[in-house]
1. Based on DSSP H runs of at least 4 residues, each adding -39500 (n - 2.57), what is the mean residue ellipticity at 222 nm of the chain after dividing by all its residues, to the nearest 500 deg cm²/dmol?
2. If you roll a 1.4 Å probe over region 9-90 with all protein chains in place, what percent of the accessible area is carbon or sulfur?
3. Leaving out ligands, DNA and RNA but keeping every protein chain, what accessible area does Tyr54 have, in Å² rounded to the nearest 10, with a 1.4 Å probe?
4. Roughly what would the spin-label model give for Ala72 and Asp225, points 7 Å off Cα along C-beta, in nm?
5. Just how much of Ser51 is accessible, in Å², when a 1.4 Å probe is used and the result is rounded to the nearest 10?
6. Would you mind counting up the charge near Phe92? Only other residues with Cβ under 15 Å from its Cβ, with Lys and Arg at +1 and Asp and Glu at -1.
7. Probe radius 1.4 Å, ligands and nucleic acids left out: which of Arg167, Arg224, Arg52 has the largest accessible area, and how do the rest follow?
8. Compute the semi-axes of the equivalent ellipsoid of region 139-237, taking the square root of 5 times each eigenvalue of the Cα gyration tensor, and list them largest first in whole Å.
Amino acid sequence: MRILVLSPYTTGQKYKPDNLLRGEDCDSPEHLARRIKELCGYNDEGWYHESRDYSAPAGEMFTGPLNTQLRAGLKQIREHAQYGETTLDLYFPWYFCRVDGQKSPVNEDDVIVPFDTAPLHDLEVLEFGGSGTPEQTVDLIESYDLVFLLLRPDDILSLQRVFEVERATTLIFLLAKSHKHVVNEDLPNLHVVETGSALQKSLRTTNWALKGVVLRRLFEAACRDGFGVFEQVKQDPQQLIEIAHSQQS
């Protein structure tokens, strides 16, 4: 089974320079390229200075509690003897911070530069035939058997064209009850596993880390009980909460 985790960007980042990438830097492709080069440690003359190189793989850049929990779980499961026939990939949906300039979802190994996440809180609905982001996201999702989506409501609304049609891939959104309206639960293969304060308290974690904790505990259960738990969750997504509780120490 091929499993995809789509995670949100977080304000917690490995580097926080004064000149981090901002929303206005994306207005011009040429200006954006110059700013990314600058954040990779190059001055206007093309000289490289390691002390000013703030680039890093996306999986290492985001140091917030959600991604910290998620990465800990991924590390554990990828080191397990059963890992191989079942694989897990971590991606992030927005690409403008990519060093390579590609306009596609960001893999955890893709190199990015630090940026101000504030502009991502007011995203327009992305249409097919425009930026190419919905098409790229669809292609990514449809290459997997099971997708866990930890995205913020704003991310989902911006990518709503991707999620408003029936797809063969099983999609499992982790969302608070107040945010469930952003997806259409009537669509086949689209499921919502409800998170929120009650789950947060029962798992003794924080709201910021909650979704990462739920998946980390799923990965721990797979390491303990066998990778068949992923098929169980695919058939009955609500088992995800039961599994998370079963992993409490």
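The values are calculated or read from the model by the stated rules, or taken from the named source; none is laboratory data. Being a predicted model, the structure only gives us computed values, none of them experimental. Because the Cβ atoms are built from the backbone with ideal geometry, glycine has one as well, and the counts that use them run over all protein chains shown. Just so you know, the surface numbers come from the protein's heavy atoms only, side chains and all, with ligands and any DNA or RNA stripped out. Shrake-Rupley method; radii C 1.70, N 1.55, O 1.52, S 1.80 Å.
1. On the way: 10 runs with 86 residues, N = 249.
One gets -9500 deg cm²/dmol as the mean residue ellipticity at 222 nm.
2. Details: 2270 of 4730 Å².
Result for region 9-90: 48 percent of the exposed heavy-atom area is carbon or sulfur.
3. Its heavy atoms expose roughly 50 Å² to the probe.
4. About 2.1 nm, to one decimal.
5. Using a 1.4 Å probe on the heavy atoms, I get roughly 100 Å².
6. Details: positive: Lys14, Arg71, Arg98, Lys103, Arg152, Lys211; negative: Glu60, Asp89, Asp100, Glu108, Asp109, Asp110, Asp154, Asp155.
Local charge sum for Phe92: -2.
7. Numbers: Arg167 35, Arg224 130, Arg52 100 Å².
Accessible-area ranking of Arg167, Arg224, Arg52, largest first: Arg224, Arg52, Arg167.
8. Working: eigenvalues 95, 71, 23 Å².
So the equivalent ellipsoid measures 22, 19, 11 Å along its semi-axes.
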